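Here is the structure we will look at, set down as structure tokens.
The values are calculated or read from the model by the stated rules, or taken from the named source; none is laboratory data. What you see is a predicted model, and the numbers here were worked out from it, not measured in a lab. Note that each Cβ is placed from the backbone with ideal geometry, even for glycine, and that neighbours are counted across all protein chains shown.
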Amino acid sequence: MIEVEGLTKRYGDFTAVNQLSFTVRPGEVLGLVGPNGAGKTSTLRSVAGIIPPNGGTIRIAGIDLAADPVGAKRRLAFFPDEPRLFDYLTVSQHLAFVARIYGVVDHEEIAAPLLEELELANKADALPGELSRGMKQKLAIACGLLHAPAVMFFDEPLTGLDPLGIRRMKDSILRRAHEGAAIVLSSHLLHLLEEVCSHVLILKQGTKIADGTIAEVSAQFAHGESGVSLEEIFMRATGGSET
Amino acid sequence: MIRALLYLRGYSLLNLLRTRAQRLRQPKYLFGLIAGIAYFWFFFFRNFAGSGLPGRGAGVDPVQFIFAALAVLGLIRIASAWLAPTPKPSLDFSEAEIAFLFPAPATRRQLVHFKLLGTQITILLSSLLLTLLTRRGAMLGGNPVIHAVGWWLVLSLAHLHNLGAAFTVARLVEGGMSRTRRQLLVGGVITALIAGIAWGVWTSAPDASTWMAAWQEQHIGDPLGTAVLAAYIREVSGTGIIAWLLLPFRIALAPFFAPDTATFLKALGPALLLLAAHYFWVMRNAVSFEEASIAAAEKRAVLIAKLQAGQRPLSRGAPKARKPPFPLRPGGGWPEVAFLWKNLLSTHPWLGPRAFVPAALLAFMLATAIPPKLWFVPIIAAVYFVLLGPQLARQDLRSDLVNADLLKSYPLPGWRIVLGQLLAPAAILSGLLWLALLTVFVTSGRASGGPVWLTSPFRLSGLVCIAILIPPVCLLQLLVPNAGAVIFPSWAQTARPGRGGIEVMGQRLIFVAGQMMVLLAAVVPAGGFAVLAGFAASLTASPASAFVTGAVTLLLALGAEISLGIFWLGRRFERFDLSAESLK
């Protein structure tokens, strides 16, 4: 469960996120959308405990992120748009490293099926430099899933993936949600939202424009018209321009 | 076509200078430039107009000695160009140059000229820089113009010779010469050269043992015996067959070492003829270089990208999977160990824990083999490690700053991440300093004489105390550049290799100076406590016990300072937001 109340993030005089509140329950997938510079990445980084917010409260699986950041981070996983990997650690060494950081004692039992599922089993001794972009993404996901997080944040999860990789990523996100994880993902790809997300939150200039299920948000901006596409809804909500 | 190439060269240079000038609006570059200029002024320009008279001591002429030594080095360098030539010669074209010029209607000859012209810009700049370096203290005599032209000649000749050798070998291969025949030919020439040198040494200086005995004697005012060494090298290189072998190198170096204008002009003629001969040799043998140039440009682009991403600058090849430095258990607390494990994996295997015991044995053997008069050499190495080690061993937050988002998502307080990141470079530097300490201890133990109070127990207690103090001192040293990376990330990022300029060099100087100042600020008060405690102990106990008391006090004081420093830096790291920083 993710509970965000009054989140504010400023860079100097510029307010990237302004009084943002939302909740994501177990099994829900919230899509964070908005034009470039709307505050999506700042929001994701703040709720993942990567950057300190200037105001508001964030609770991850019931744990206050400000009061107990270590406890909260044990329950979450953050997946950046570009897989961040260590150049000199092999696939299996990455998992051993993450297991030590998160204290996952039985990591080999967990890692084996995970590598199988992500089709990395035969790449255990490969370095990131020897992996394709999609393989790197899978390794980053394997590292994030090793400690069975209850909350997951994906920043542009489909960046750089081929059609097969996109399909698998969508399946993976949905499977974790069905297993009870609360998931937030940010993306510019509206078809991803339609296929994967149960809820959507539209941001513009750091402020929430709309929040709810896709049907609720569509209804809010359809103005009674039927068959309005999500793309059209997005354009109406945001004005269709960069911020 | 050549006008277009000149246009490209000219405007590229002009725009580079303009960009460098524009970035001076940013304080980090402006202050860096000021520091860089100050450095050049105080260390080079102040002495630029010196008398130019070479210093002469203990009967040795350093100019002649350096002349001979450089000629020998040149011979070795040229020999290596033939011994291990590039099978497919490449010219250093950038990816953009390849994209625009290779499909353009330009002849191969024009492309070679374009590249030679581009190399000349680099060589001219290098010549100016080397002139500054070699003019320091006016040790080599001559005047700045002579030195600048001398350097230009030497560097141009070296470049043309390497290119010519690569082209010639490639032409031989293209002409059907088998690999075995080529290796036999090159091997035969190299063997003949080595045999010639050996014969020269044997015939012109048969009394090498006499020279060795003379060198091992004590020399007042010249503890290393450089005068004897120089005289020996001068005699060997100036007589017999070696003198003939070194003749081309002497011709190339003669203008540089000319003491006056008349001698310089006299030496310039043969050197220019040698240069012209090399130019015609290169142009006559120019073979297909395009394919190798494309491969080289791609490699270079990958290397630059790695450098700009803050990755290992010394490695040109792709990293290889390696055995971990030690087994990492998944549970069991102390996640800092995982960072040590990870960062040791990212460095050279011979800097890992498995290499320490063989290195210690080697250091011990070396210490027992080198003359006792050289006991101070490992001390110089230790000072080098202390001063520059933290700038070179960067397997810490500095190299992981690009992964800050990932690190901050870990369920760890900031101080544990900082401590974990510092462990690998601290372990590497401590290991190197321990080896230097061991060498000093063994070598100094063999030296005769010394003060009465320097007893064996005192030396042993000193060894143990210093060995214990080394890791905290290294940690303290490393805290400074890591704090710099977190507090001023944009400065730390631009201080990485891969972005040149006097202002970037100045930034590095500022960092080193800051590091030394913080170290002094931390060590001086702690050292004061240690001296007081040691003095108090010396009133009632032996000098060795007083030394140990002082060292323990220093250890405790440094430990407290380091703990505070790591905790503070951890808090800063928790609030660190790379996205809010300017990385331009």
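Which one of A:Glu195, A:Glu231, A:Glu216, A:Glu225 is in contact (Cβ under 8 Å) with a residue 40 or more places away in the chain and either more than 30 Å from A:Phe14 (Cα to Cα) or in a helix (DSSP H, G or I) (or both)?
The match here is A:Glu231.
Could we say that A:Val98 is assigned to a helix (DSSP H, G or I) and either outside the structural domain of A:Ile214 (by TED's automatic domain parsing) or among the aromatic types (Phe, Trp, Tyr) (or both) here?
yes
Looking only at the range A:71-95, which residues are within 7 Å of chain B (Cβ to nearest Cβ), under 13 Å from A:His147 (Cβ atoms) and either aromatic (Phe, Trp, Tyr) or in a helix (DSSP H, G or I) (or both)?
Those that are within 7 Å of chain B (Cβ to nearest Cβ), under 13 Å from A:His147 (Cβ atoms) and either aromatic (Phe, Trp, Tyr) or in a helix (DSSP H, G or I) (or both): A:Lys73, A:Phe78.
Which of the residues spanning the range A:97-112 are in contact with a helix residue (DSSP H, G or I) (Cβ under 7 Å, 6 or more places away or on another chain) and without any contact (Cβ under 8 Å) to a residue 40 or more places away in the chain?
The answer is A:Phe97, A:Arg100, A:Ile101, A:His107, A:Ala111.
Any residue at all in the range A:127-134 that's more than 13 Å from chain B (Cβ to nearest Cβ), over 24 Å from A:Leu30 (Cα atoms), not hydrophobic (A, V, I, L, M, F, W, C) and not in a helix (DSSP H, G or I)?
yes
Condition test on A:Ala111, is it outside the structural domain of A:Thr23 (by TED's automatic domain parsing) and either surrounded by 20 or more Cβ atoms within 10 Å (Cβ to Cβ) or more than 22 Å from the chain's Cα centre (by Cα) (or both)?
Taking the combined requirement at face value, the residue satisfies it.
Taking the condition of being of a type outside the set (Asp, Glu) and part of a loop (DSSP other than H, G, I, E, B), how many residues in the range A:1-22 meet it?
2
Residue under question is A:Val151, and the condition is that it be in contact with a Cys (Cβ under 9 Å, 6 or more places away or on another chain), crowded, with 18+ Cβ neighbours inside 10 Å and in contact (Cβ under 8 Å) with a residue 12 or more places away in the chain; does it hold?
In short, no.
For the range B:420-439, indicate whether the set of residues that are at pLDDT below 90, assigned by TED's automatic domain parsing to the domain that holds B:Phe576 and of a type in the set (Ser, Thr, Tyr) is non-empty.
Yes, that holds for at least one residue.
For the range A:52-63, indicate whether the set of residues that are crowded, with 24+ Cβ neighbours inside 10 Å, part of a loop (DSSP other than H, G, I, E, B) and more than 7 Å from chain B (Cβ to nearest Cβ) is non-empty.
The answer is yes; a qualifying residue exists.
What number goes with the only condition from (1) within 14 Å of chain B (Cβ to nearest Cβ); (2) surrounded by fewer than 19 Cβ atoms within 10 Å (Cβ to Cβ); (3) within 25 Å of A:Ser42 (Cβ to Cβ) that A:Thr159 does not pass?
Every condition holds for A:Thr159 apart from (1).
Residues in the range A:23-44: is at least one outside any helix (DSSP H, G or I) and within 7 Å of another protein chain (Cβ to nearest Cβ)?
Checking the range A:23-44: not a single residue is outside any helix (DSSP H, G or I) and within 7 Å of another protein chain (Cβ to nearest Cβ).
For residues that are charged (D, E, K, R) and either free of Cβ contacts under 8 Å to residues at least 12 places away in the same chain or in the same structural domain as B:Pro489 (by TED's automatic domain parsing) (or both), tally how many sit in the range B:3-22.
2
Working carefully through the options A:Ala121, A:Ala99, find the one that is modelled with pLDDT under 90, under 30 Å from B:Phe326 (Cα atoms), over 14 Å from the mean Cα position of the chain (by Cα) and within 11 Å of another protein chain (Cβ to nearest Cβ).
When all the criteria are applied, what remains is A:Ala99.
Among the listed residues B:Leu422, B:Leu366, which satisfies the condition of being more than 30 Å from A:Val70 (Cβ to Cβ), in contact (Cβ under 8 Å) with a residue 12 or more places away in the chain and more than 14 Å from chain A (Cβ to nearest Cβ)?
Selected residue: B:Leu366, the only one of B:Leu422, B:Leu366 that is more than 30 Å from A:Val70 (Cβ to Cβ), in contact (Cβ under 8 Å) with a residue 12 or more places away in the chain and more than 14 Å from chain A (Cβ to nearest Cβ).
Could you check, for the range A:63-73, whether at least one of its residues is closer than 23 Å to B:Leu340 by Cβ, basic (Lys, Arg) and modelled with pLDDT of 90 or more?
Yes, because at least one residue in the range A:63-73 is closer than 23 Å to B:Leu340 by Cβ, basic (Lys, Arg) and modelled with pLDDT of 90 or more.
Among the residues in the range B:386-407, are any modelled with pLDDT of 80 or more, more than 30 Å from B:Pro335 (Cα to Cα) and more than 13 Å from every other protein chain (Cβ to nearest Cβ)?
No: the range B:386-407 contains no residue that is modelled with pLDDT of 80 or more, more than 30 Å from B:Pro335 (Cα to Cα) and more than 13 Å from every other protein chain (Cβ to nearest Cβ).
Given the conditions (1) assigned to a helix (DSSP H, G or I); (2) more than 18 Å from the chain's Cα centre (by Cα); (3) at the interface with another protein chain (Cβ under 10 Å from one of its Cβ atoms), report the number of the one that A:Val105 does not fulfil.
(1) is the only condition that A:Val105 fails.
Based on what the data block shows, is A:Val104 within 16 Å of A:Pro149 (Cβ to Cβ), surrounded by fewer than 20 Cβ atoms within 10 Å (Cβ to Cβ) and of a type outside the set (Ser, Thr, Tyr)?
Criteria not met by A:Val104.
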